[in-house]
Structures are given as structure tokens and as C-alpha cells.
1. Looking at (1) surrounded by fewer than 21 Cβ atoms within 10 Å (Cβ to Cβ); (2) free of Cβ contacts under 8 Å to residues at least 12 places away in the same chain; (3) not β-branched (Val, Ile, Thr), find the lone condition where A:Glu115 falls short.
2. So which pairs qualify, if the first residue must be in the range A:257-272 and under 29 Å from A:Gln58 (Cβ atoms), the second must be surrounded by 10 or more Cβ atoms within 10 Å (Cβ to Cβ) and at pLDDT 80 or above, the Cβ gap must be under 8 Å, and the two must be at least 6 apart or on different chains?
3. All but one of (1) out of contact with any helix residue (DSSP H, G or I) (no Cβ under 8 Å at 6 or more places or on another chain); (2) surrounded by 15 or more Cβ atoms within 10 Å (Cβ to Cβ) hold for B:Ala54; which doesn't?
4. Among the numbered conditions (1) touching a residue at least 24 places away in the same chain (Cβ under 8 Å); (2) under 18 Å from the mean Cα position of the chain (by Cα); (3) crowded, with 17+ Cβ neighbours inside 10 Å, tell me where A:Arg108 comes up short.
5. Within the range B:82-105, can you find the residues that are within 16 Å of B:Arg44 (Cα to Cα) and either surrounded by 13 or more Cβ atoms within 10 Å (Cβ to Cβ) or β-branched (Val, Ile, Thr) (or both)?
6. In the range B:117-133, is there at least one residue being within 14 Å of chain A (Cβ to nearest Cβ), within 21 Å of the chain's Cα centre (by Cα), among the acidic types (Asp, Glu) and assigned to a helix (DSSP H, G or I)?
7. Would you confirm whether or not the range B:235-249 contains a residue that is modelled with pLDDT under 95 and surrounded by fewer than 22 Cβ atoms within 10 Å (Cβ to Cβ)?
There are 2 protein chains.
Amino acid sequence: MPLDLDRYRIAPGVPVRLGERATDDDGGLTEDEAEDQLDDNIDRARDLQEALYAEREQSVLFVFQAMDAGGKDSTTESVFGPMNPQGVRVASFKAPTEEELRHDFLWRVHKKAPEKGMIRVFNRSHYEDVLIVRVHGWAEADVIERRYEHIRNFEALLADAGTRVVKVMLNISKDYQLERFRRRLRRPDKHWKFNPGDLDERKLWDDYMDAFEVAIEQTSTEDAPWYVVPAETRWYRDLVVSEILLDTLESIDPQYPEPDFDPDEYPPDSIS
Amino acid sequence: MPLDLDRYRIAPGVPVRLGERATDDDGGLTEDEAEDQLDDNIDRARDLQEALYAEREQSVLFVFQAMDAGGKDSTTESVFGPMNPQGVRVASFKAPTEEELRHDFLWRVHKKAPEKGMIRVFNRSHYEDVLIVRVHGWAEADVIERRYEHIRNFEALLADAGTRVVKVMLNISKDYQLERFRRRLRRPDKHWKFNPGDLDERKLWDDYMDAFEVAIEQTSTEDAPWYVVPAETRWYRDLVVSEILLDTLESIDPQYPEPDFDPDEYPPDSIS
């Protein structure tokens, strides 16, 4: 029974109120049920991925954005880890390098756009340039305003070249983040994931929510939709994201290409 | 006495009739006068280029398009050769590679966008995707139509990031091209420049003129203007292009940055 993804997809032009959206949900499923469905989704997505790879006409770009501890890394691992690694590439975007800053903000992400046949996952993305940059006022308001338009134009360019762009915000509450930070500090094997600077960003939580709302409203389009996924129950989060992946691959319907030889001329038993 | 560049600049939204535009012009100058002015322009452009390089806030993208034998290579050499090579990079775009074809048509050119402080020269460009591709019908009409918009959006993105985009069509007549082809065939040292396939393209001359007219009309904007330069008198062509370069650099007015130390604290005679 497929999930109703419309609950999480942001229709174009519709205001987004993150405070009214679930951060914790289980879809009425048990963990076992969800894991069975996840396995099933991944099997079907793998088959479609093979067709996508063979077809070499289309591609998929999956963008993850979230607050710290939102689960970008672990969702990527759960959903895209089981795919054929030859057809999936992950790009993580950190603070821009000096060279990157000497170009427009889309320069570094355009280089990583997926080639035909591939699935590309962005762990953070060009959206940082309208999220953290907006929250900290690192660019003027009118510059940020133009960026929404540049992002829409850029994603339309990709869409015209056969790339299906899907953007996922992993939605967590401020309390949940605190719980995850505390867990990281309690467990020495998780200390590497903690950065004292994360606590400064946490103080700007409300500003981040505002920035997310505007960014999602301004850039959720028919061709490049945003999904806001409740991310606190990790097995349900993974299930929803796998469902989005499957739905995306089904909607672009990749087809194995016709062979460029006539199979009738090569009866299998006749070749040697 | 500066040239009147408005004669060659294509104002936004104005229809272009290449047949009514000069291919041969000397601006009423002698060759000696033109060469003096060229030297003067290059000296001034070099000074501005140094400021651009020191400032590291803006950049220039100079796009050359022309029919075969239009003089893209030799204009690049005459005008950009005397610049400081550390601040100028030329990118030539040939038939796209297989990897390039697996991405949108702007992917390969975006990678070559100039970083702040630099002048980038494109010898051919993304405009091939609405010129040769249109003439040969290698893409559907509606795909080409969308490309004009993608080009405008892309060049606006660069403009917003501080890149001044200038596009130059080196305009020659069909008779002049024939003369140049014959010269290439008569001189063994020029044979390497001749390609029998060029004669096939030559047969499509009128289609190319149509494609140029539409492309220029659709993409000449305030921020990224087109110039149609008469290119048969080579010394005048070089002078006009040097004037466009100088005008471009003057309009963006690069400034040497403030030193990040206080010069008063370092009297030159006191250091050791």
C-alpha cells in the first residue's frame, strides 16, 4: 500500500508553515511493517535505476536539506546505500572554498549536476545560499531575493535536459535536535559529529525556519518539487524518502534501449 | 577620438538585419591611425585589467562567434594577446564530447565562467547550441526556443555575480569567406586551417544568417549586449574589438583594493 506522498509534497505557490507540519510520524505503521515496505521499495527502485542507467536519456537529482542532526547522512545511507553504486553519486557541499566564492553561487553545484543515466544526491546544496547565508545576513536581501529566481531558472534548465529534480527537507523539532546533540555528547564514539558552533546555529532556529519556509515556497515547482518529511522516527523517514525515490523513478519511466543489433541474427546457441 | 560603438551594439529587443550591416568598414581611418589607436587602447585596457585583477570583485566574459574564416582566432590574438596572460584565459568550444552531451548545454560553459578578477574569452560558446544546432535541426524547434531563455537566465546569473558578459559577432560576407577559403587552399602553410566540411556549412549560409539574427535579437540585453562588428578589414576589426574591451572595462570601473595594513606604520625607509 503506497503512502500518500501528497501529504508531504509542497504544491507550487502554496505558503509553507513548518510549525504546522509533523516532525514525528509513523504513518500508522509498525517498525517491522515499515521495514518490509522499505525493502520492497528499494528492490523496485533498483530495477528502475538499472533501466535509467541503460537508457542514458534522463537523470535524477535528489537534494537533502535539514537542520543539524536532521539525518541527511543516515537517510542517504539507508535509501541510496542499497542502490547500485555505479549509478549513484553523492556530493556533499561544505562551506565554499575561496575558488568557489570567486564564482556565482550555482557554479559549484552545476559542475556536479548528474549526467544522463545517473542518480545524484546532494548532501546540502545551492539552498545553503538562501538558508545559512540569509540567516546570517551574509548577502543583501535583494541578492537573496534574486537567488530564488536563479534557482528556479537553474532547475528548469536541468529539467529541460532530462533531469528530474527532487528536494527533501528532513523536518525535526528544536527539542529533538537538543536530544540528538546531548546523545552525541554522551557517547564518545559520536563526539566527532559534534561541533560547538552547532549550538550557535541552534540559537537561530526560528530564523532558519523562516528561511526554509521562504525558500521552499519560492522554489517548489511542478518540475522540481519540495517534500517536507517528518524525520524524527527514523524508520518512517527512510520509508517516506524511499517512496519519493520510487515515485520519482516511476514518473520518469526509464526504458531499456533497443539493441543496436538484430537479436535474431545471433541465436544464442550459434555463437562461439 | 573614441569610436561610436553604438553603431555596432545591438539594443535589446531591436530586430537585427545582418544583410543591412557593414561587413567591410574602415571608420574613415588609415591603417596607421587605426594601429596607433589600437596600441593606445591596449595600453589603457592593460592598466584596467591590472586593477580588475587586484580588485577581485568583478570579471569579464568575452564571447566570439562568427562564420568560418570570420577571424575569431586572429582577433583573439591581436586584442587579448597583449594583455597580461595571468589575467586572461581563452576557452575554445569544439563539438561537444560524449560526457558533455550527457549534461545540459550550459554545463560545459558554466565550468569555464571567469572567476573574479579574470577576463575569459570564449572562442565559440553556448551560442553554437542555437546556431549550428538550429541550422541542422539537431534539436526540436521548441527546445531551441527554450534555449534562448536559458541563455538569458544564465547570463543574468553571471551578471549578478559581477561578471560583465559581452558577445561579439565578427561579421563577414559570403564572398569574403570564399576569398579566405581560396587563400587557405592556395597556401600550403594554411592548409591545416581548411576542412572540406566547411564547404558544406557554407552552403547553409542563409540559414546561418537567420539563426544569428534570431539568437542576437533574443539574447542582446542591457547586462549582456551583442556587438556586430564589420570584420573584413582586419585592422579596423581589431580596433573596434579593442574599443569594446576598453569600454567594457571602463564601465565596470575596477578599483585597487584598500591595503589591509596601514601604510603609515611602514615608512619605506624604516623596513629592513
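The values are calculated or read from the model by the stated rules, or taken from the named source; none is laboratory data. Quantities reported herein were computed from a predicted structural model and do not represent experimental measurements. Quick reminder, even Gly has a Cβ in these numbers, built from the backbone with ideal geometry, and neighbours come from all protein chains shown.
1. Going through the list (1) surrounded by fewer than 21 Cβ atoms within 10 Å (Cβ to Cβ); (2) free of Cβ contacts under 8 Å to residues at least 12 places away in the same chain; (3) not β-branched (Val, Ile, Thr), A:Glu115 breaks only (2).
2. A:Pro257/A:Ala54; A:Pro257/A:Glu55; A:Pro257/A:Arg56
3. Of everything listed in (1) out of contact with any helix residue (DSSP H, G or I) (no Cβ under 8 Å at 6 or more places or on another chain); (2) surrounded by 15 or more Cβ atoms within 10 Å (Cβ to Cβ), B:Ala54 misses just condition (2).
4. A:Arg108 satisfies all of (1) touching a residue at least 24 places away in the same chain (Cβ under 8 Å); (2) under 18 Å from the mean Cα position of the chain (by Cα); (3) crowded, with 17+ Cβ neighbours inside 10 Å except (1).
5. B:Pro82, B:Met83, B:Gly87, B:Val88
6. Within the range B:117-133, one or more residues are within 14 Å of chain A (Cβ to nearest Cβ), within 21 Å of the chain's Cα centre (by Cα), among the acidic types (Asp, Glu) and assigned to a helix (DSSP H, G or I).
7. No - not one qualifying residue is present in the range B:235-249.
This table checks each residue for (1) surrounded by fewer than 19 Cβ atoms within 10 Å (Cβ to Cβ); (2) farther than 17 Å from A:Val228 by Cβ; (3) of a type in the set (S, T, N, Q).
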site	(1), (2), (3)
A:Asp4	yes, no, no
A:Gly19	yes, no, no
A:Ala34	no, yes, no
A:Asp39	yes, yes, no
A:Gln49	no, yes, yes
